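Coordinate-derived values only; no laboratory data. Bear in mind the structure is a predicted one, so any value in this text is a computation, not a measurement. In this analysis, Cβ positions are derived from the backbone assuming ideal geometry, glycine residues included, and neighbour counts consider all displayed protein chains.
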């Protein structure tokens, strides 16, 4: 075999070996990203978990399946054109009923993450976080939100919104824990009732406000009337005191004395026959 052919064959062989080595190295290592856990399987059987960072495995025999343990959001908060219930479309509000049988659309947002220590259990049953969320977490949210709304009247859902939210939060937290997830936050974003019920609520609120205004007006009238009564009592008391004072100081003689004290000494230009000088009693 000519030297040139041997050289070419050697280079081809070396190239193939180099490619095989690269493939072996690439298939025997990898990285688990931040906010992830890896589930290692060997011929399909789970053999362990991998933390974030670089990992090694047996090429072609072992696989590492990445599981997202970061915060995930379930959003039953929006109404879109021809929106269906959240059971079918996760951006639609949930349809529920209140204790007094009023239909209500409930907008909620839930944030959670799977328990990093339970990734093997979740993978073994659902093979991915997406499957786990749609088959476990979302049904729990729908069931709890709807069933809890039936414990409150429509009016209470509005006036006791915080109480409703707290109860749902407690139930979700407990059930999530049982299913290998950790609830981070639950919030009610909206209650939407029928147009007829909303109008009735608005009318009731207006009537309540008007009644309160009338009550305040009545209290104001009562206050002003009481002021008038107290003023009259004070005037009468002043007059009584003044009368007692006049009687104590001589009555009519005291009045005449006060009049003389204020007289300037000038007599009238004309005197009526038989009359007396002002303030002078000639009989005394």
| task | For a quick protection proxy, order the peptides 11-21, 172-182 by their average other-Cβ count within 10 Å, most packed first. | result | 172-182, 11-21
| field | Inter-site label distance for residue 212 and residue 226 at 7 Å from Cα along Cβ, in nm | value | 2.2
| message | Just want to confirm a number: the relative contact order over the stretch 3-67, from Cα pairs under 8 angstrom separated by 6+ residues, in percent. | response | 32
| said: More than 19 angstrom separation, counting every C-alpha pair in the stretch 3-67; what % is that? | reply: 47
